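K.L.:
Structure incoming, see below.
Read-outs throughout are calculated quantities, based only on the coordinates presented, and are distinct from any laboratory measurement. Quantities reported herein were computed from a predicted structural model and do not represent experimental measurements. All Cβ positions, even for glycine, are placed from backbone atoms using ideal geometry, and neighbour counts span all protein chains on display.
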Amino acid sequence: MKIKKIGVLGGTGFVGRHLATRLANQGYALKVLTRRPERHRELEVLPGLELLEADVHDPQILQQQFSGCDAVINLVGVLHEYSNQRFGAVHAELPAKVVDACRASGIKRLLHMSALGADAAKGPSQYLFTKGAGEQAVMAVQDLAVTCFKPSIIFGPKDNFYNQFANLLRISPVLPVACPNTRFAPVYVGDVAQAFEIALENDATIGKSYELCGPKIYAFKELVEGIARMLGLKRLVVGLPDGLAQLQGKIMGLLPVKVFTTDNYLSLQVDSVCSGNSPGFAELGMTPHSVESIMPRYFANQSQRRRYDALRQAAGRG
């Protein structure tokens, strides 16, 4: 069946905005469901995109909104728990509701975002455990054509990870990092979006989970030092011993705005790198971009913009 219209959950997030832009420009009609459409009106300029207010955790609303779609993409995920967003509800219960709504709406194609290290049996953190439970729920379904993606940390302009550390490095001459030897294989957001697009109408991807990793592996401390170099900053990045890393997670986890928590510390006990000799991008016929091919130019442009804004303010034009 030719896919024409797609329901997208998580379409207003970092990956979602890139994927929505790519799919809309390829001629797909999109229904992007969100609690707060007024915060994301910029998406409405994309051709064929409907931005709809919806509680995606309500099964009846999901079924109603999926009506008329040919496929569904679920990108919803959270890195931190708050009173109104729990890992279990977002990562495990929601995918099961999406499966039920797809069945009720007659939808046969589902693309699901999981994460490297997700494991419903041995996940050391609630994040990885619940991500694994959600992946297990969708991949066990026999009457849906499901494809799952498991990326390492995702980078790109306006991402959360690289930009968060860039902001910290700008204001602090010394930056402590927990679990400094944990390994990552950062993956470009544009490559993740392209992988979803390729899989969407490629029957060979049905029933498979694709690990998505960039071309280079970095230790956490090395990665943060690389951000400092790209920013042109001389900074001391200090790897914390395990006891202090745990304490950092406990203390920072008490703050109203979560940046690092005990659950994040537990997630860092698992390397976020691809397993085996056949990573997902190779299977999809893609060559992933490196951090060095994307982020230095982005940070340079950002720095120029900051200097320009400072000059405008100094001239009384801010």
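K.L.:
Near ILE294, within a Cβ-to-Cβ distance under 14 Å, what is the net charge of the other residues, with Lys and Arg +1 and Asp and Glu -1?
P.N.:
0
K.L.:
Now for a separate question. If you restrict to DSSP beta bridges whose two residues both lie in the chain, what percentage is antiparallel, to the nearest 5?
P.N.:
Taking every DSSP beta bridge within the chain, about 10 percent pair in antiparallel fashion.
K.L.:
Right, next: Using Cα pairs under 8 angstrom and six or more residues apart, how large is the relative contact order of the chain, in percent?
P.N.:
About 16 percent, as a whole number.
K.L.:
Report the extension gain between ARG41 and GLU53 in nm, rounded to one decimal, defined as 0.36 nm multiplied by the number of residues separating them, less their alpha carbon distance.
P.N.:
Going from the current span to full extension adds 3.2 nm.
K.L.:
Using r as the Cβ-Cβ distance of LYS258 and GLN26, and R0 as 45 Å, what FRET efficiency do you calculate, to the nearest 0.05?
P.N.:
0.80
K.L.:
Still on this model: So if we plug the beta-carbon distance of LYS2 and GLN142 into 1/(1 + (r/R0)^6) with R0 = 30 Å, what FRET efficiency do we get, rounded to 0.05?
P.N.:
Working: r = 23 Å, r/R0 = 0.77.
Step by step, r from the Cβ atoms, then E = 0.85.
K.L.:
Can I ask one more? Once the other residues with Cβ under 12 Å from the Cβ of GLU222 are scored (Lys, Arg +1; Asp, Glu -1), what is the net sum? If you can, show how the numbers build up before the last one.
P.N.:
Numbers: positive: ARG183, LYS216, LYS221, ARG229; negative: GLU225.
Overall, the nearby charge balance is +3.
K.L.:
Something else: Restricting to bridges with both residues inside the stretch 61-210, how much of the DSSP beta-bridge set is antiparallel, in percent to the nearest 5?
P.N.:
Rounded to the nearest five, the antiparallel share is 5 percent.
K.L.:
Could you pull out every residue, at least 5 positions away or on a different chain, whose amide H is within less than 5 Å of the one on ILE154? Hs are placed 1.01 Å off N in the peptide plane, and Pro or chain starts have none.
P.N.:
VAL187
K.L.:
Please report the projected area of the stretch 1-69's Cα convex hull averaged over all directions, in nm². Walk me through the intermediate numbers first.
P.N.:
On the way: hull surface 18.1 nm².
Its average projected convex-hull area is 4.5 nm².
K.L.:
Which residue fluctuates the most in the chain, going by a Gaussian network model with Cα springs under 10 Å, if the choices are SER172, SER275, SER83?
P.N.:
SER83
K.L.:
Count charges around GLN63 for me, please; just the other residues with Cβ under 14 Å from its Cβ, Lys/Arg as +1, Asp/Glu as -1.
P.N.:
0
K.L.:
Now for a separate question. If I model a spin label as a point 7 Å beyond the Cα along the Cα-Cβ vector, how far apart are those points for ASN160 and ALA300 in nm?
P.N.:
Once both label points are built, they end up 3.0 nm from each other.
K.L.:
Once the piece of chain linking ASN84 and SER67 is laid out straight, how much longer is it, given 0.36 nm per residue of separation minus the C-alpha distance between them?
P.N.:
Between ASN84 and SER67, full extension yields 3.4 nm more.
K.L.:
Please flag any cysteine in the chain that has no other cysteine's Cβ under 4.7 angstrom from its own Cβ.
P.N.:
So, CYS69, CYS102, CYS148, CYS179.
K.L.:
Express in whole angstrom the spacing between the alpha-carbon centres of the stretch 167-189 and the stretch 24-88.
P.N.:
30
K.L.:
Of the listed peptides 234-240, 40-46, what is their order by residue-averaged count of other C-beta atoms within 10 Å, with the highest listed first?
P.N.:
Values: 234-240: 15.0, 40-46: 13.4.
Most protected by this proxy first, the peptides run 234-240, 40-46.
K.L.:
Once fully extended, how much extra length lies between VAL174 and LYS216, figured as 0.36 nm per residue of separation less the alpha-carbon to alpha-carbon distance?
P.N.:
Between VAL174 and LYS216, full extension yields 12.6 nm more.
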